[in-house]
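Scroll down for the structure; my scribbles are underneath it.
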Amino acid sequence: MKFFVDTADIAEIRDLAETGMVDGVTTNPSLVAKSGRDFFEVLRDICAIVPGPVSAEVAATDSKAMIEEGLRLSEVAGNIAVKVPLTWDGLKACRTLSGRGLMVNVTLCFSANQALLAAKAGATFVSPFVGRLDDAGHEGMELIEEIRTIYDNYDALATEILVASVRNPVHVRDAALIGADVVTLPPAVLRALAAHPLTDKGLAAFLADWKKTGQEILR
Ligand code: E4P
């Protein structure tokens, strides 16, 4: 399963990329606003750090303008994935942009039928938002199971399931068990994946015992 990081914070991306765990990046208008920076500068910085897909979302709502914006965003670097919302205009833009050989991430997916449409429109990625579904009283992971089943039923549906709106490590484990292709993680959730209290406790005990031996490995 691929790990994307869900942030427009360059320092975080650089730091996490050094772990070798970052296969791509997703941004959205809220994350860009949070960064307080120019969108194109942020994208250029991210693409210089991460060679994998970097999602950049259009701001237009009609398909013609979405296509124009998508083409402009794709000029930033060869690894830009144009992000469009799951509306009919977004699907039309997806069809055109993917037909021109660009990666397209269809975002704001909240149902299996929407995911089916995204795949038929030629999306590279579909982004179901599990955390927001959980917040609304649904089971976000049930949607991932449904999409996995539907995509696996048809060889022609080649879209990757990019699990978005991830809030905790349980989401990551469950997405991996279901066989999602990608999860996009807030930096704090990616960091939390390595944490376990028994690891900390065990390491402290080993270090204490090692000290008792009075030995050094590098002498
Ligand atoms: C995905 O591409 C989105 O940027 C993101 O995962 C949304 O997450 P949120 O629901 O925490 O805002």
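Observations
- Taking the conditions (1) assigned to a loop (DSSP other than H, G, I, E, B); (2) within 30 Å of ALA194 (Cβ to Cβ); (3) aliphatic (A, V, I, L, M) in turn, ALA60 satisfies each one other than (2).
- Pairs with Cβ under 8 Å, 6+ apart, first in the range 185-213 and within 30 Å of THR27 (Cβ to Cβ), second within 16 Å of the ligand (Cβ to nearest atom) and among the aromatic types (Phe, Trp, Tyr): LEU185/PHE3; LEU185/PHE4; LEU190/PHE3
- Given (1) part of a helix (DSSP H, G or I); (2) within 30 Å of PHE129 (Cα to Cα); (3) not β-branched (Val, Ile, Thr), index of the condition ASP209 fails: (2)
- Total residues in the range 8-32, condition among the β-branched types (Val, Ile, Thr) and near the ligand (Cβ under 9 Å from one of its atoms): 2
- The one condition from (1) away from the ligand (no atom under 16 Å from the Cβ); (2) under 19 Å from VAL25 (Cβ atoms); (3) surrounded by fewer than 17 Cβ atoms within 10 Å (Cβ to Cβ) that ALA59 does not meet is (1).
- Pairs with Cβ under 6 Å, 6+ apart, first in the range 144-158 and touching a residue at least 24 places away in the same chain (Cβ under 8 Å), second not hydrophobic (A, V, I, L, M, F, W, C): ARG148/GLY179; LEU157/TYR151
- Restricted to helices (runs of 4 or more DSSP H) entirely inside the range 68-182, those with at least 2 residues that are within 28 Å of ARG44 (Cβ to Cβ) are 88-99.
- Unmet requirement for VAL42, which otherwise passes all of (1) surrounded by fewer than 18 Cβ atoms within 10 Å (Cβ to Cβ); (2) over 14 Å from LEU97 (Cβ atoms): (1)
- Figure legend. Inter-residue proximity from the range 94-116: first residues at negative phi, second residues polar (S, T, N, Q) and more than 16 Å from the ligand (Cβ to nearest atom), beta-carbon distance below 7 Å, spacing 6+ or different chains. Indicated pairs: LEU102/SER74; VAL104/SER98.
- Taking first residues from the range 162-182 that are closer than 15 Å to THR27 by Cα and within 11 Å of the ligand (Cβ to nearest atom) and partners that are of a type in the set (A, V, I, L, M, F, W, C) and in a helix (DSSP H, G or I), the Cβ contacts under 7 Å between residues at least 6 apart in sequence or on separate chains come to VAL163/VAL130; VAL163/ILE144; VAL163/ALA175; SER165/VAL130; VAL166/VAL130; VAL166/VAL172; VAL166/VAL189.
- Odd one out for LYS64 among (1) surrounded by fewer than 21 Cβ atoms within 10 Å (Cβ to Cβ); (2) of a type in the set (Lys, Arg); (3) under 17 Å from ALA164 (Cα atoms): (3)
- Scanning the range 97-151 for residues that are touching an Asp or Glu at 6+ places or on another chain (Cβ under 8 Å) and either over 18 Å from VAL183 (Cα atoms) or more than 16 Å from the ligand (Cβ to nearest atom) (or both) returns a single hit, ALA112.
None of the figures in this text is laboratory data; all of them are computed from the coordinates on show. Only a predicted model underlies this, so the values are computations on that prediction, with no experimental measurement involved. Glycine also receives a Cβ, built like all others from the backbone with ideal geometry; neighbour counts cover every protein chain displayed.
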